[in-house]
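The values are calculated or read from the model by the stated rules, or taken from the named source; none is laboratory data. All values reported here derive from a predicted model rather than from experimental measurement. Backbone-built Cβ (ideal geometry, glycine too); neighbour counts: all protein chains shown.
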Ligand SMILES: [Zn+2]
């Protein structure tokens, strides 16, 4: 199985000081001794690199698991490690509604709370909030009602930063205004507001960095340096890092002139990386990414937000300079019985699989394909067994993680073009 071997080095449960300890800079070193992102190889706009986070390294390009509510649906964190996942992305909107960012801070942060103990991202919450029906947008922020119980909330750039610091992911996204419109003027207005909000996010992020970031709701800031030494065996094979990191989010929708303007604005700011967000069409994605990633500074990582359900998005994203991807699509489709194979997606509930005793995908080494037949999966789905969703999610998540890993390997071996061509021609016929 493709994996990063991290399952052997999981932190023991209940050790709440680990995340904190990881942030102290060792004696005799400076923060600058530990670069956040290193590039090992370039191939046009594409690159192979490593993002170094306080909770471990991410070899890029990489597919990041969508752990919206601090869990990847139907999967345990051990299963996520075993299927080869390197990082997870949780959603600030969902986590402030339940269980609340204070509680996650109390638990020791997202990695400790969820028992993932590896690299973590949080989305700002903007995408979900601006998709709600009754959201009210002002220059200050967004007012909305909880979809769970109707409670009223207001999220501002500052509150999003504070909530993300409490949640404690390694990489945070700036709070952006998502606009869904065909109008250039609407998108331009949303982009300019996103830029003004980015400035406020950066200011707040720096305040939090100075305060040590955590314990915002308790007696006062504590420094990472006061935490106990992290045991060697609990490390993820990299040096301890001192900070949490902020990505600016490039907006502009389907308009490449706005994308270019947004990329220039974000590039000029003191941030650690970039999310590429908002709504765009799959057809125009290559041109949009070419525009944006030719402008963004090369030495900082780029995350393509919410993309990766279709394998072609991973190829195009990597080819045009994106380093990480996340998408709820693979596990959502899995729960509905729509499963990836190298010959395209199949619906396992289809009657023709009732007596098909072959593995779902013979050349896949995930737990599902190594042990179970299509007939068995078909039976589990038809009888609505919970295990159906578990096995299907293991396979689909393993599939996208593995395809992205193989893209990385093909870039290293100078075989990307051949791999892309053979994969896509077989998958999409
Ligand atoms: Zn499989």
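Things worth noting here:
- Being at pLDDT 95 or above and within 24 Å of residue 163 (Cα to Cα) is a condition met by no residue of segment 7-19.
- Filter pass, residue 426 being crowded, with 22+ Cβ neighbours inside 10 Å and more than 19 Å from residue 78 (Cα to Cα): no
Table: residues versus (1) at pLDDT below 95; (2) under 18 Å from the mean Cα position of the chain (by Cα).
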| position | (1), (2) |
| --- | --- |
| 241 | yes, no |
| 246 | no, yes |
| 249 | no, yes |
| 264 | no, no |
| 268 | no, no |
| 277 | yes, yes |
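- Within segment 46-72, restricting attention to residues that are touching a helix residue (DSSP H, G or I) at 6+ places or on another chain (Cβ under 6 Å) and either without any contact (Cβ under 8 Å) to a residue 40 or more places away in the chain or closer than 19 Å to residue 108 by Cα (or both), the residue that is surrounded by the fewest Cβ atoms within 10 Å (Cβ to Cβ) is 69.
- In segment 351-360 there is no residue matching the filter, namely being more than 9 Å from the ligand (Cβ to nearest atom) and under 15 Å from residue 399 (Cβ atoms).
- Test: residue in segment 383-392 that is in contact (Cβ under 8 Å) with a residue 40 or more places away in the chain and within 12 Å of the ligand (Cβ to nearest atom): yes
- Test: residue in segment 143-159 that is over 18 Å from residue 105 (Cα atoms), at pLDDT 85 or above and part of a helix (DSSP H, G or I): yes
- Selection from segment 339-382 of residues that are assigned to a strand (DSSP E or B) and loosely packed, with under 15 Cβ neighbours inside 10 Å: 347
- The number of residues in segment 170-197 being touching a helix residue (DSSP H, G or I) at 6+ places or on another chain (Cβ under 7 Å) and either within 23 Å of residue 254 (Cα to Cα) or at pLDDT below 95 (or both) comes to 12.
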